[in-house]
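**Student:** I have a structure I would like to understand better, so I am pasting it below and will then ask my questions one at a time.
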Amino acid sequence: MTHDLPAGVSADKPDLDVAELATRFRAFEALHDGVDICTPLSAGDLDRVAELLGVEPGHRVLDVACGHGAMLRKLAYKSEFVTGIDLSPWAARRAAEELERQGVRASVILGDAAHLAEDPIWDRVVCLGAGWIFHGFTGTCRALSRRLRPGGRLAIGDLRLRPGANAPGGRVPDAAEQRLIIESLGGRVLGDVVSGDDAWSDYGAAVLTAADHHRRRHPADAAADQRALARQWVADAERDRAWLDFAVVVAEFE
């Protein structure tokens, strides 16, 4: 990747260090090279999330950590005012390329979503698998709900404790706790989409394939070989499936 801003992508600030970001997110890109949905969700899962969001023409929509743009494109078919933001130049470039290839109009920003103004200007906000930006589920709900217009809807995809399970080494909310967090912030849960075993298996297989593909595409670059990381990533996910789900919760905020 060059150190220039990818075509079709704008920067959230003029002095953004694209080269530093490309280096920082190289491993993530290696694990998702050619992968469209960068979370353990199926295309059908994304359809159900979109249905719960209820995006209408004219809605201002924000996709936080939009990745390669799978959800971004789906929502851009419903409204002409859709924006995706991601801190990875690799992801932002791929999202912009796919938008152009499929003839869908949306804005792609390279930048840190944590720095977005808290102005309540968005009708719908999506964040699938990037709760680390706002330090977990509670922080993500708080930060993104503040950016919603009255009656706006928020979709958050994050790890969730399975019913009756105990997560070792850390506190992960279960479905009831997620609902209480949302309600404490003035929201009302409309529904959720829980990733199935097939989606997890497909995602793991895609990560392993992507790492091998990325290594073969860059044979002279030692940093391109992230196959060991991919194997560890998949092994960790398979271990954690005993007590964790990946769920997208959609809520409306007055």
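The values are calculated or read from the model by the stated rules, or taken from the named source; none is laboratory data. Only a predicted model underlies this, so the values are computations on that prediction, with no experimental measurement involved. Quick reminder, even Gly has a Cβ in these numbers, built from the backbone with ideal geometry, and neighbours come from all protein chains shown. Heads up: the accessible areas ignore ligands, DNA and RNA and are worked out on the full protein's heavy atoms, side chains in. Shrake-Rupley method; radii C 1.70, N 1.55, O 1.52, S 1.80 Å.
**Student:** Set the Förster distance to 25 Å, then compute FRET efficiency between Ala205 and Trp132 from the Cβ-Cβ distance, nearest 0.05.
**Tutor:** 0.55
**Student:** Using +1 on the beta carbon of Lys and Arg, -1 on that of Asp and Glu, and nothing else charged, what's the dipole of the chain about the Cα centre, debye to 20?
**Tutor:** Taking the Cα centre of the chain as origin, the dipole is about 80 debye.
**Student:** Could you please report the charge total around Gly67, scoring K, R as +1 and D, E as -1 over all other residues with beta-carbon less than 9 angstrom from its beta-carbon?
**Tutor:** -2
**Student:** Largest first, what is the accessible-area ranking of Glu98, Glu56 with a 1.4 Å probe?
**Tutor:** Largest accessible area first, the residues go Glu56, Glu98.
**Student:** Arrange the residues His218, His68 by how much accessible surface each exposes, largest first, with a 1.4 angstrom probe.
**Tutor:** In descending accessible area the options line up as His218, His68.
**Student:** Taking R0 as 30 Å, what FRET efficiency do you get between Ser184 and Asp236 from their Cβ-Cβ distance, rounded to the nearest 0.05?
**Tutor:** 0.45
**Student:** While we're here: Compute the length gained on full extension between Asp112 and Glu254: take 0.36 nm times their separation in residues and subtract their Cα-Cα distance, giving the result in nm to one decimal.
**Tutor:** Contour length minus the Cα-Cα distance gives 48.5 nm.
**Student:** Can you compute 3J(HN,Hα) from phi for each residue in region 87-98, using the Karplus curve 6.51 cos²θ - 1.76 cosθ + 1.60 with θ = phi - 60°, rounded to whole Hz and x for Gly and Pro?
**Tutor:** Along region 87-98, the couplings run 8, 9, x, 4, 5, 4, 5, 4, 4, 5, 5, 5 Hz.
**Student:** Identify the residues of region 45-73 with backbone N under 19 Å of a label point that sits 7 angstrom from the Cα of Ala7 along the Cα-to-Cβ direction, or state none.
**Tutor:** From region 45-73, the list is 68-69.
**Student:** For Leu87, list long-range residues whose amide hydrogen, built 1.01 Å from N in the peptide plane, is under 5 Å from its own amide hydrogen.
**Tutor:** Counting only residues 5 or more places away or on other chains, the set is Gly111.
**Student:** Could you calculate the contour length gain from Thr23 to Asp221, that is, 0.36 nm times the residue separation minus the distance between their Cα atoms, to one decimal place in nm?
**Tutor:** 70.0 nm
**Student:** Also: Using modelled amide H (1.01 Å from N, peptide plane; none on Pro or chain starts), what sits under 5 Å from the amide H of Arg60, excluding residues fewer than 5 places away?
**Tutor:** Here the answer is Asp123, Arg124, since their amide H atoms fall under 5 Å of that of Arg60.
**Student:** Give the percent of DSSP beta bridges with both residues in the chain that are antiparallel, rounded to the nearest 5.
**Tutor:** 45
**Student:** Given axes a ≥ b ≥ c from the Cα gyration tensor, I'd like to know whether region 1-150 is rounded (a/c under 1.5), prolate (a/b larger than b/c) or oblate.
**Tutor:** Rounded, because the longest to shortest axis ratio a/c is under 1.5.
**Student:** For region 19-32, take each phi angle, set θ = phi - 60°, evaluate the Karplus expression 6.51 cos²θ - 1.76 cosθ + 1.60, and give the result in whole Hz per residue in order, putting x for glycine and proline.
**Tutor:** Running phi through 6.51 cos²θ - 1.76 cosθ + 1.60 with θ = phi - 60° gives 5, 5, 5, 4, 5, 4, 9, 4, 5, 4, 5, 4, 7, 9 Hz.
**Student:** A further question follows. Label region 103-250 by shape, choosing from rounded, prolate and oblate, from the square roots a ≥ b ≥ c of the eigenvalues of the Cα gyration tensor; if a/c is under 1.5 it is rounded, and otherwise prolate applies when a/b is larger than b/c, oblate when it is not.
**Tutor:** Taking the square roots of the gyration eigenvalues as a ≥ b ≥ c, region 103-250 is oblate.
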